[in-house]
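Quick notes on the structure that follows.
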Amino acid sequence: MRTKEEKEKLILEFYESGLGYKTYSKTRGINYSTFFSWLKKYHKNGIEGLKSETGLKSGKGVGRPKKSTTYEEELEIKIMNLEIENERLKKGYLVKGGGDQKEYVTTLDKNMK
């Protein structure tokens, strides 16, 4: 990912080159539509328009929308989770917690091996 300063340098170099934006962007290994987007943003807002907006969105409605599930799909998910839990119990361990706090706990007595 390029900084806004790097993008501005490329744009200014493009103006001095006298090449078309497609030809110039190809020589620099940049997708021409991406480069054209940078040009439009630079014309409109200067160097601040070149600031990356990746990962800046937050609040309600951000992220992947939740898929509504039918009753049958919910039951399939419950069955799958129970089957996973059953297989873990057969192998002799439980999972406690979740996320970063996930812990695998053995249920087998050490003398039973």
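Using 30 Å as the Cα-Cα cut-off, could you pick out the over-long pairs in K66/K102; K44/K67; K78/K102; K4/K66; K4/K67? List each step's numbers first, then the result.
Details: K66/K102 24 Å; K44/K67 37 Å; K78/K102 20 Å; K4/K66 34 Å; K4/K67 36 Å.
With Cα atoms farther than 30 Å apart: K44/K67; K4/K66; K4/K67.
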Choose one of G46, S33, Y15: the residue whose Cα lies farthest towards the positive end of the charge dipole of the stretch 4-50 (beta-carbon charges +1 Lys, Arg; -1 Asp, Glu; about the Cα centre).
-> S33
Projected label distance in nm at N86 and N45, using a 7 Å step from Cα toward the beta-carbon | 5.5
Sorted peptide list for 85-92, 100-107, criterion being average Cβ within 10 angstrom, highest first | 85-92, 100-107
On Cα atoms only, tilt of 71-91 relative to the major axis of the chain in degrees = 60
Find, to one decimal place in angstroms, the Kirkwood hydrodynamic radius of the stretch 1-53, where the mean of 1/r is taken over every pair of different Cα atoms and then inverted.
-> 10.9
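If one computes P(r) from the Cα atoms of the chain, what percent of pairs lie at distances over 23 Å?
62
Laboratory data are not the source of any read-out in this text; all were calculated from the coordinates shown. What you are looking at is a predicted structure, and each value in this text was computed from that prediction instead of being measured. Because the Cβ atoms are built from the backbone with ideal geometry, glycine has one as well, and the counts that use them run over all protein chains shown.
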